[in-house]
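**Q** Supplied in structure tokens, the structure appears directly below.
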Amino acid sequence: MKNTTSNFERFTDKNLEWEILSVVKRKIETTPIVIAETFYIVYELSLRKDFSWYQEHALSDVMQLCYIHGFNTMSDYIVKDKNLAQSLLSLSQNVDSDIIRSLILNMGEIISGAIVRGNRRTKDMPDSIIDLTLALLAIKSKEEVADFCCGTGDFLVNAYMRNPESHLTGFEINSDFVEISKIRKLVVLEPENIKELIDIYSDNLQALVQHLEKQNNQIKIENKDILSDVVPLEDTNKAKKFDKIFCNPPLALYSETDTVKRNNLPFADRIRTMDWNFVAGIVQRLKDNGKGIILLPSGCAFSKLHFHRNAREYFVNHGFIESVICLPKRMFHFTNISLLLIVLSHGNENIRFVDASEVYERGRRINRFSEKNLEIILNALNQDTGISKLAGKNEIVKKGFSIFPKDYVIPKEELGVLSEYGPLMPMEELTLSVSRGAPIMASSLDELSSEEDTGFDYITLSDIQDGIMGKTLRHLTNIPKGYDKYLVGDKSIILSKVGKPAKFAIVHVPEGRQIMATGNLFVLELNRDKIDPYYLLAFFDSPEGNRILNHHYDGLTIPSIRIQSLKKIKIPVPSMEKQKIVAQKYRQYQNNLVKAKELVQKLIQSRADVFDEGMKEG
């Protein structure tokens, strides 16, 4: 084959990535397996391009190598399509093997676009999360390290590159991901003298494979459901134990009841989500001085559902939870939500809680940790800081075995400044009641709606704009039986349950009317002997109050605030005289804002009428 010069010599890694994929896309569907195998074939061909036998033997050599390892998909396509084979050979002649090797080792993001959305394990692990995880695990030479649910091998590759003297084992139930992990394993383990070995074993490829497997066995990949090794909690797990374990399980994985119960876990009898089963799998496979890390959705930390609450009680009481870190949102490509990073070990009397939800550098697609961010988080794990606190078991029991960092960590510096304005009092001491709006479905609400003014109105989240409740509310035919308790009292505060930033407003109930709040609202009936409603609105609307209020919003997809958290929010409460001064100024600005909005609406309407009025004048 003629060795021609091409643009590949000038390609960056992204250029090369695009060119390789474009060769394949013209022929076949680019599935994750096709992408991974193509990159591997181009890499192996690039290692052979300088040998005199390249033209005759290179492609058959690499195809044989793929068949030995069981990478058959692209090999079968190449056998059927000689043009595809020719394209890959031509491309590889001018490919820098170091660049293609780097692309394979960072393949997670490359293949993520070709994988069906919705399965967390299909997505790549961001470098920031890997950096934090490896810093926490502090893997040492010769240690046995496992990655449960290893996906496509992001953690394994990075762990090996940071400490090649450790022994790594990846477990993955998805056979396609196992193959991709094995491809990355082969590439990362290849020695620096690989070209020399290829030349030495040019006539005996099987011997080359055996030599490499014997010399480089630090990484093993098993196609296995890691939960199959979980045993009843009172039993001893006889499966192999590890010094360090990492687990990034599927998000909110559900299974049939009998599958969950097969492990005989006492907390697996009602809810079929598998989150805590993975935690059990880790603690059962940790050595006495071992450490494990798992990523879980934040709801696991505070949900009152039987399954979650009982699981937390078990793991807290048995001292398996060392620390819990609340991660920032948008750290992953596959979700915008924040996750929890839970550190597991044996014999913990206390738990360190870290709220790192605001510790990050903003990115275009995902957020990330800078070195300074990592330093702040690691420091917070060693001592109480503005974002961390060490809590004992008694405190955790009082909070219903919540292990959600935001239930323990409050922005102390912020509260320290606010305390100068007056004593800090929790919301529950300033209210006569804090209640939810009516749990009524939108379809049922539509059936109860009335075009006529009946004297019965209802408020929804959309009625709150810029801290002001709309003047025109929708009407109800009547207040349904049993829904009287959802009626809003005059000068109550309504607050959004979901979404950030929080929305809030004061409700004025005219004499003779009744107003019902709907489900996405909280209603705060204030003790007006202690706090002025407009003063509270002014606090919520201030930068300080807004930060503290929004600090407590969290959730899987849409941020929300729990009623328990709302009651615990601390408010600076100065004298009533001072409150009245703040309230009067705030109310005046609100009135001015209402007038300004009305003027804007009139101007908009007048602008819309210009054409018709102008034409009529003629």
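**Q** Test Leu526 against the criterion of being modelled with pLDDT under 90, of a type in the set (A, V, I, L, M, F, W, C) and in the same structural domain as Leu445 (by TED's automatic domain parsing), and give yes or no.
**A** So Leu526 fails the test.
**Q** Picking from Val523, Val488, Val507, Val498, which residue would you name as being touching a Ser or Thr at 6+ places or on another chain (Cβ under 8 Å) and without any contact (Cβ under 8 Å) to a residue 60 or more places away in the chain?
**A** So the residue among Val523, Val488, Val507, Val498 that is touching a Ser or Thr at 6+ places or on another chain (Cβ under 8 Å) and without any contact (Cβ under 8 Å) to a residue 60 or more places away in the chain is Val507.
**Q** Could you run through segment 139-158 and say how many residues are small (Gly, Ala, Ser) and at pLDDT 95 or above?
**A** Residues that pass the stated criteria total 1.
**Q** Would you point out which residue out of Val188, Val178 is touching a residue at least 12 places away in the same chain (Cβ under 8 Å), farther than 24 Å from Ile282 by Cα, in contact with a Gly (Cβ under 9 Å, 6 or more places away or on another chain) and assigned to a helix (DSSP H, G or I)?
**A** After applying the criteria, what remains is Val188.
**Q** Same structure again: Where residues in segment 224-242 are without any contact (Cβ under 8 Å) to a residue 40 or more places away in the chain and either among the polar types (S, T, N, Q) or not assigned by TED's automatic domain parsing to the domain that holds Gly292 (or both), which of them is surrounded by the most Cβ atoms within 10 Å (Cβ to Cβ)?
**A** Restricting to residues being without any contact (Cβ under 8 Å) to a residue 40 or more places away in the chain and either among the polar types (S, T, N, Q) or not assigned by TED's automatic domain parsing to the domain that holds Gly292 (or both), the top hit is Ser228.
**Q** For residues that are assigned to a loop (DSSP other than H, G, I, E, B) and surrounded by 15 or more Cβ atoms within 10 Å (Cβ to Cβ), scanning just segment 206-223, find the one that is modelled with the highest pLDDT.
**A** Per the criteria, the residue is Gln218.
**Q** Another question, if that's okay. Just checking, which of Thr385, Thr335 is farther than 19 Å from Leu251 by Cβ and of a type outside the set (Gly, Ala, Ser)?
**A** Just one listed residue meets the conditions, Thr385.
**Q** Has segment 29-48 got any residue that is part of a loop (DSSP other than H, G, I, E, B), within 24 Å of Asp203 (Cα to Cα) and not hydroxyl-bearing (Ser, Thr, Tyr)?
**A** The answer is no, given that none of the residues of segment 29-48 is part of a loop (DSSP other than H, G, I, E, B), within 24 Å of Asp203 (Cα to Cα) and not hydroxyl-bearing (Ser, Thr, Tyr).
**Q** So for segment 374-392 (the condition being within 22 Å of Asp275 (Cβ to Cβ), out of contact with any Lys or Arg (no Cβ under 7 Å at 6 or more places or on another chain) and assigned by TED's automatic domain parsing to the domain that holds Lys287), does at least one residue qualify?
**A** Checked against the condition, which is being within 22 Å of Asp275 (Cβ to Cβ), out of contact with any Lys or Arg (no Cβ under 7 Å at 6 or more places or on another chain) and assigned by TED's automatic domain parsing to the domain that holds Lys287, segment 374-392 yields at least one hit.
**Q** Which one of these is under 26 Å from Met425 (Cα atoms) and aliphatic (A, V, I, L, M): Val600, Val582, Val610, Val594?
**A** When all the criteria are applied, what remains is Val582.
**Q** Please work out if Thr273 is out of contact with any helix residue (DSSP H, G or I) (no Cβ under 6 Å at 6 or more places or on another chain), modelled with pLDDT under 90, in the same structural domain as Phe320 (by TED's automatic domain parsing) and surrounded by 15 or more Cβ atoms within 10 Å (Cβ to Cβ).
**A** Considered against the rule, which asks whether it is out of contact with any helix residue (DSSP H, G or I) (no Cβ under 6 Å at 6 or more places or on another chain), modelled with pLDDT under 90, in the same structural domain as Phe320 (by TED's automatic domain parsing) and surrounded by 15 or more Cβ atoms within 10 Å (Cβ to Cβ), Thr273 comes out as yes.
**Q** Restricting attention to segment 128-161, report how many residues are assigned to a helix (DSSP H, G or I), in contact (Cβ under 8 Å) with a residue 60 or more places away in the chain and within 20 Å of Glu322 (Cα to Cα).
**A** Going through segment 128-161 one residue at a time, the tally reaches 7.
**Q** Shifting gears a bit: Among what's in segment 325-368 and is closer than 18 Å to Lys244 by Cβ and crowded, with 17+ Cβ neighbours inside 10 Å, pick the residue that is nearest to the chain's Cα centre (by Cα).
**A** For segment 325-368, the residue satisfying everything is Leu341.
**Q** Still on this structure, I have one more. Counting residues that are within 30 Å of Lys406 (Cβ to Cβ), which strands (runs of 3 or more DSSP E) fully inside segment 511-618 reach at least 3?
**A** Output list reads 521-526, 570-572.
**Q** Now for a separate question. Just to verify a result, which residue in segment 32-83, among those that are in contact with a helix residue (DSSP H, G or I) (Cβ under 7 Å, 6 or more places away or on another chain), among the charged types (D, E, K, R) and under 21 Å from Ser22 (Cβ atoms), is surrounded by the fewest Cβ atoms within 10 Å (Cβ to Cβ)?
**A** Among those residues, the one meeting the criterion is Lys49.
Yes or no, residue by residue, for (1) buried (at least 18 other Cβ atoms within 10 Å of the Cβ); (2) in the same structural domain as Lys399 (by TED's automatic domain parsing); (3) not in a loop (DSSP other than H, G, I, E, B):
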site	(1), (2), (3)
Val279	yes, yes, yes
Ile282	yes, yes, yes
Asn289	no, yes, yes
Ala301	yes, yes, yes
Lys304	no, yes, no
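**Q** Next question. Write out, first by first residue and then by second, each pair whose Cβ atoms fall under 6 Å of each other, whose residues are 6+ apart or on separate chains, and whose first residue, in segment 297-326, is touching a residue at least 40 places away in the same chain (Cβ under 8 Å) while the second is surrounded by fewer than 22 Cβ atoms within 10 Å (Cβ to Cβ) and among the basic types (Lys, Arg).
**A** Going by the 6 Å Cβ cut-off, the qualifying pairs are Phe307/Arg270.
**Q** Criterion first (assigned by TED's automatic domain parsing to the domain that holds Arg513, under 26 Å from Gln590 (Cβ atoms), small (Gly, Ala, Ser) and free of Cβ contacts under 8 Å to residues at least 60 places away in the same chain) does Gly455 satisfy it?
**A** Criteria met by Gly455.
**Q** Do any residues in segment 435-447 that are within 14 Å of Leu476 (Cβ to Cβ) have Cβ atoms under 7 Å from those of residues that are loosely packed, with under 11 Cβ neighbours inside 10 Å and of a type outside the set (Val, Ile, Thr), where the two are at least six apart or on different chains, and which pairs are they?
**A** If the second residue must be loosely packed, with under 11 Cβ neighbours inside 10 Å and of a type outside the set (Val, Ile, Thr), no pairs are left.
**Q** Might you check whether a residue that is without any contact (Cβ under 8 Å) to a residue 12 or more places away in the chain and over 28 Å from Arg528 (Cβ atoms) occurs anywhere in segment 468-481?
**A** Yes; the residues of segment 468-481 include at least one that is without any contact (Cβ under 8 Å) to a residue 12 or more places away in the chain and over 28 Å from Arg528 (Cβ atoms).
The values are calculated or read from the model by the stated rules, or taken from the named source; none is laboratory data. Note that this is a predicted model, so its numbers are computed, not measured. No Cβ is skipped: glycine too gets one built from the backbone with ideal geometry, and neighbour counts run over all protein chains shown.
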